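The values are calculated or read from the model by the stated rules, or taken from the named source; none is laboratory data. Given the structure is predicted, the values throughout are model-derived calculations rather than measurements. As a convention, Cβ positions derive from the backbone with ideal geometry for all residues, glycine included, and neighbour counts pool all protein chains shown. Note: areas computed on protein heavy atoms with side chains; ligands, DNA, RNA excluded. Shrake-Rupley method; radii C 1.70, N 1.55, O 1.52, S 1.80 Å.
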Amino acid sequence: MSNLESQPEETLCIAEPGAPGGIEVLEPREVPLGGLRAMPVRRTLPQRGRSLIGAWCFLDHYGPDNVADTGGMNVRAHPHTGLQTVSWLFSGTIEHRDSAGNHALVKPGELNLMTAGSGISHSERSTPDTTVLHGAQLWVALPTAARGVPKRFDHYAPPLVTGAGFTGQVFLGALLGQTSPVETHTPLVGAELNLAPGAVIEIAVDSAHEHGVLVDHGAVALTAGAGSDPHGGTELRAADLGFAATGCETLTLTAGPAGARVLLIGGAPFGEELVMWWNFIGGSHEEIAAARENWQQTIAAADVDSELADSRYGIPDNEPEPPLPAPALPTSRLVPRSQLPPLPSRTPTIATERTEVPMTPTPEHPESAEPRVAHEPDARRYAIYLGDTLAGFADYRPTPRDGGRAFVHTEVFPEFGGRGLAGTLVTEALADTRDAGLRIVPYCPYVSAWLKKHPEYEEIVDWPNI
């Protein structure tokens, strides 16, 4: 699966510490896999504060999706470097083609793992007989020593494991007495578990690994550590991802009254610092820029003669549509955050279209202040403040042809969540853009969702073709 965002963010792939014995709940954001009426996916990794669980660096969870309504999955040929893709379906079928010559059908309960190494391209399309598409795709970051391995494709149908109140399949690593034969380049585990209503299962896990539990449907209470009260665990609802840090020898899952289906993933903490941008993972800006340029050259060569495209990536055979071009690189260098220089100390200002107003010191209790939205054109964003405390922002980029605004990212800081600030921010930002006579391009999933609920803006919206 491709990251189809046209303004992809740089993500630092590095292990973030977690509290031993505690469960961190990661909630997804919805991303349209395509244009206005595309199939939505729920992206849980990467996100603010956590980019990895072991070497797992990307998790898209989708469906049940009615293909008659969305058209299903139709992802044209696109590249990958420095990672492995893991496809796991609950229902439906996906046709996979890649530039290593593999043509396979991804079916429920069967692992399909593609290793990019230094470069591969592939396409994914739901088959004509698929009515409901439901599953997950995950990426695994390759360590530096493995980023040049040959491209390859592995298929594995793991046996069904049964136990008291559950069934499962172990598709990567070792768990529940089963070991997958599929090669990985760092220690990993991946499994699907189906729990009967009210079932309580205690799973022995590697204490040197971090673990995540994604709830597909139903609900579970998750506890980490032997002897914990299974009914006092952290509640995970459908689409939640529970994270458990290293140091746990057992994970206990207690299913709700409707039962549950979950994916359990884990692995040794990833010991390297890598940058992920679009569909590439590398160690530096230069690596990412070279990967992008090589892909653009591959596309250009394929337009002239398909045989000329047999370079770093290649193009899958018999593709019905042209490959996806890469987005433009950001104007700033892609640098791991740990290498960024500290900001100089200065008196901050709030930039508006007409003036600059000095900020007073941050109040001790900004939550009591009224929200205020300010346009900050020098920063190309709208910001929302509580008093003088920045609570969130909506970034945009000027569109080159008509001076419109392409909204690329909206964020409200976690400590200010649950107050409706994102809605206030986007409402004001889009109203101000409309009043300025400018057009709106919604790359940001939140802005896109807001516009779908406000058809009065439709005449000034240019939906991106992604």
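Give the residue, chosen from Glu307, Glu293, that is part of a helix (DSSP H, G or I) and at pLDDT 90 or above.
Working: Glu307 fails: at pLDDT 90 or above.
Result: Glu293 is the single residue among Glu307, Glu293 that is part of a helix (DSSP H, G or I) and at pLDDT 90 or above.
Would you mind telling me which numbered condition in (1) open to solvent by 30 Å² or more (accessible area, probe 1.4 Å); (2) within 17 Å of Gly266 (Cβ to Cβ) Leu214 fails?
Answer for Leu214: the failing condition is (1).
Mind listing just one residue for me: the one in the stretch 115-124 that is touching a residue at least 40 places away in the same chain (Cβ under 8 Å) and part of a loop (DSSP other than H, G, I, E, B) and, of those, surrounded by the fewest Cβ atoms within 10 Å (Cβ to Cβ)?
Ser118
Does the stretch 175-184 hold any residues that are surrounded by fewer than 17 Cβ atoms within 10 Å (Cβ to Cβ) and within 25 Å of the chain's Cα centre (by Cα), and which are they?
Kept after step one, since they are surrounded by fewer than 17 Cβ atoms within 10 Å (Cβ to Cβ), are these residues of the stretch 175-184: 177-179, 181, 183.
Result: Glu183, single match.
Kindly indicate whether Asp317 is open to solvent by 90 Å² or more (accessible area, probe 1.4 Å), charged (D, E, K, R) and modelled with pLDDT of 90 or more. Let's see the steps before the verdict.
On the way: open to solvent by 90 Å² or more (accessible area, probe 1.4 Å): yes; charged (D, E, K, R): yes; modelled with pLDDT of 90 or more: yes.
In short, yes.
In contact with a Gly (Cβ under 9 Å, 6 or more places away or on another chain), modelled with pLDDT of 90 or more and within 23 Å of Gln47 (Cα to Cα): does that describe Ile440?
Details: in contact with a Gly (Cβ under 9 Å, 6 or more places away or on another chain): yes; modelled with pLDDT of 90 or more: yes; within 23 Å of Gln47 (Cα to Cα): no.
Spelling it out, it is not the case that Ile440 is in contact with a Gly (Cβ under 9 Å, 6 or more places away or on another chain), modelled with pLDDT of 90 or more and within 23 Å of Gln47 (Cα to Cα).
For the stretch 235-261, what are the residues that are surrounded by 18 or more Cβ atoms within 10 Å (Cβ to Cβ) and out of contact with any His (no Cβ under 9 Å at 6 or more places or on another chain)?
Leu236, Asp240, Thr252, Leu253, Ala255, Gly256
Is it fair to say Thr399 is open to solvent by less than 20 Å² (accessible area, probe 1.4 Å) and over 24 Å from Met39 (Cα atoms)? Give the steps one after another, and end with the answer.
Working: open to solvent by less than 20 Å² (accessible area, probe 1.4 Å): no; over 24 Å from Met39 (Cα atoms): yes.
It is false that Thr399 is open to solvent by less than 20 Å² (accessible area, probe 1.4 Å) and over 24 Å from Met39 (Cα atoms).
What strands (runs of 3 or more DSSP E) completely inside the stretch 125-165 contain at least 2 residues that are more than 23 Å from Leu188 (Cβ to Cβ)?
Working: elements: 132-141, 152-156, 161-163.
Once the strands (runs of 3 or more DSSP E) in the stretch 125-165 are filtered for at least 2 residues that are more than 23 Å from Leu188 (Cβ to Cβ), what remains is 132-141.
Of a type outside the set (S, T, N, Q) and touching a Pro at 6+ places or on another chain (Cβ under 8 Å): which single residue out of Ala204, Ala244, Ala221 fits that description? Before the answer, list the steps.
On the way: Ala204 fails: touching a Pro at 6+ places or on another chain (Cβ under 8 Å); Ala244 fails: touching a Pro at 6+ places or on another chain (Cβ under 8 Å).
After applying the criteria, what remains is Ala221.
I need the full set of residues from the stretch 73-93 which are open to solvent by 10 Å² or more (accessible area, probe 1.4 Å), of a type outside the set (D, E, K, R) and in contact (Cβ under 8 Å) with a residue 40 or more places away in the chain, in order please.
Initially, the stretch 73-93 is screened for residues open to solvent by 10 Å² or more (accessible area, probe 1.4 Å), giving 74, 76, 87, 90-93.
Within this subset, residues satisfying the condition of being of a type outside the set (D, E, K, R) are 74, 87, 90-93.
Correct list: Asn74, Ser87, Phe90, Ser91, Gly92.
Would you mind finding the one in Val200, Val132 that is touching a helix residue (DSSP H, G or I) at 6+ places or on another chain (Cβ under 8 Å), more than 22 Å from Asp60 (Cβ to Cβ) and open to solvent by 20 Å² or more (accessible area, probe 1.4 Å)? Talk me through it step by step, then tell me what you get.
Values: Val132 fails: more than 22 Å from Asp60 (Cβ to Cβ).
Checking each option against the conditions leaves just Val200.
Among the residues of the stretch 413-437, which ones are touching a strand residue (DSSP E or B) at 6+ places or on another chain (Cβ under 7 Å) and open to solvent by less than 40 Å² (accessible area, probe 1.4 Å)? Break it down stepwise before answering.
First, the residues of the stretch 413-437 that are touching a strand residue (DSSP E or B) at 6+ places or on another chain (Cβ under 7 Å): 413, 416, 421-422, 424-426, 428-430, 432-433.
Listed by number, the residues that qualify are Phe413, Phe416, Leu421, Ala422, Leu425, Val426, Ala429, Leu430, Thr433.
For the stretch 94-114, how many residues meet the condition of being farther than 22 Å from His134 by Cβ, open to solvent by 10 Å² or more (accessible area, probe 1.4 Å) and outside any loop (DSSP other than H, G, I, E, B)?
Initial filter on the stretch 94-114 (farther than 22 Å from His134 by Cβ): 98-103.
Narrowing the set further to residues that are open to solvent by 10 Å² or more (accessible area, probe 1.4 Å) leaves 99-103.
After this cut, where a residue has to be outside any loop (DSSP other than H, G, I, E, B) as well, the list is 103.
Here the count works out to 1.
Report the residue count in the stretch 438-453 for those that are touching a residue at least 12 places away in the same chain (Cβ under 8 Å) and open to solvent by 50 Å² or more (accessible area, probe 1.4 Å).
Going residue by residue through the stretch 438-453, those that are touching a residue at least 12 places away in the same chain (Cβ under 8 Å) are 438-452.
Checking which are open to solvent by 50 Å² or more (accessible area, probe 1.4 Å) leaves us with 439, 443, 446, 452.
So the count comes out to 4.
Among the residues of the stretch 136-169, count how many are more than 23 Å from Met276 (Cα to Cα), in contact (Cβ under 8 Å) with a residue 40 or more places away in the chain and open to solvent by less than 20 Å² (accessible area, probe 1.4 Å).
Within the stretch 136-169, residues that are more than 23 Å from Met276 (Cα to Cα), in contact (Cβ under 8 Å) with a residue 40 or more places away in the chain and open to solvent by less than 20 Å² (accessible area, probe 1.4 Å) number 1.
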